[in-house]
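FYI, it's all coordinate maths here, none of it is from the lab. Please read these numbers as outputs of a predicted model, since none were measured by experiment. Here Cβ is always computed from backbone atoms with ideal geometry, including for glycine, and neighbour counts include all displayed protein chains.
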Amino acid sequence: MDFLRGLSPAAERDGVGLFHASPSDPIWEYVLSIDQAEVGMEAQAQRVGLIGHSHISLFFTRANGGGRGDAQGAQAGDGAGLAIEDGTWLLNPGSVGQPRDGDPRAAWMELDTEAWTAHFHRVPYDIATAAETILAAGLPSQLAERLGFGR
């Protein structure tokens, strides 16, 4: 717990911004729309940022030289691959626990900072044991119940 308390909600590694939520609000903001993503892309110092908090696999991009209103984005399904060598990007790998996009499998993303590619993946996990562990910890039952639905 001490280790976790010592973590920052924002960091940088290998030229990539790392944010728990978003570059403009690293703790609380859910980036679910292009408008929110554009604010985040303007706030980040890096060309590529990894975001989270929403538990949904998403990507947003804006071409080099693009301004407000030029961003695009979409939900990233299993197997989606992106060439991210140009432009500004916000990438959300989704969630290994508590996915909220209707797919109960664990979501993760492979980022290659040499080739500048991102590949999104989904893998099954033991949902029943995870749900039991949530209940045994005394957490709200809805957290356990929704695992099987990816909500």
Report task. Using a 10 angstrom cutoff on alpha carbons, build the Gaussian network for the chain and name the most mobile of 65, 97, 77. Result -> 65
Query - Local electrostatic count, residue 78, Cβ distance below 11 Å [Lys/Arg +1, Asp/Glu -1] - result: 0
Report task. Would you mind telling me which residue in 25, 112, 14 has the biggest mean-square fluctuation in a Gaussian network model of the chain, where springs connect alpha carbons within a distance under 10 angstrom? Result -> 14
Query raised in the report: How high is the relative contact order of the chain, in percent, with contacts defined as C-alpha pairs under 8 Å that are six or more residues apart?
Result: 18
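So between residue 7 and residue 24, what do we pick up on full extension, going 0.36 nm a residue minus the alpha carbon distance? The partial results should precede the final answer.
Working: separation 17, 0.36 × 17 = 6.12 nm, distance 1.78 nm.
Gain on stretching residue 7 to residue 24: 4.3 nm.
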Requested in this report: Compute the signed sum of charges (Lys and Arg +1, Asp and Glu -1) over the other residues within less than 10 Å, Cβ to Cβ, of residue 42.
Outcome: +1
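So what is the orientation-averaged projected area of the range 2-125, using the convex hull of its C-alpha atoms, in nm²?
Quarter of the Cα hull surface area: 7.7 nm².
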Report summary line: Mean separation of Cα contacts under 8 Å (at least 6 apart) over the residue count of the range 20-100, i.e. the relative contact order in percent, is 34
Report task. Once you've got the GNM for the chain with C-alpha springs shorter than 10 Å, pick whichever of 123, 16, 48 has the biggest mean-square fluctuation. Result -> 123
Report summary line: Summed over the other residues with a beta carbon less than 13 angstrom from that of residue 62, with K and R at +1 and D and E at -1, the charge totals -3
**Report entry** Rounded tilt (10° steps) of 34-43 against the dominant C-alpha axis of the chain
**Finding:** 70
Report task. For helix 127-136, report the angle its Cα long axis makes with the longest principal axis of the Cα atoms of the chain; keep it between 0 and 90° and round to the nearest 10°. Result -> 70
Requested in this report: About the Cα centre of the range 79-136, how large is the charge dipole given +1 on each Lys and Arg Cβ and -1 on each Asp and Glu Cβ? Please answer in debye to the nearest 20.
Outcome: 280
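Can you list which of the GluC sites (Glu not before Pro) found in the range 79-128 are DSSP loop residues with at most 15 other C-beta atoms within 10 Å?
Passing sites in the range 79-128 are 85, 114.
Once fully extended, how much extra length lies between residue 141 and residue 34, figured as 0.36 nm per residue of separation less the alpha-carbon to alpha-carbon distance? Mind dumping the intermediate values first?
Numbers: separation 107, 0.36 × 107 = 38.52 nm, distance 3.28 nm.
The span from residue 141 to residue 34 would gain 35.2 nm if fully extended.
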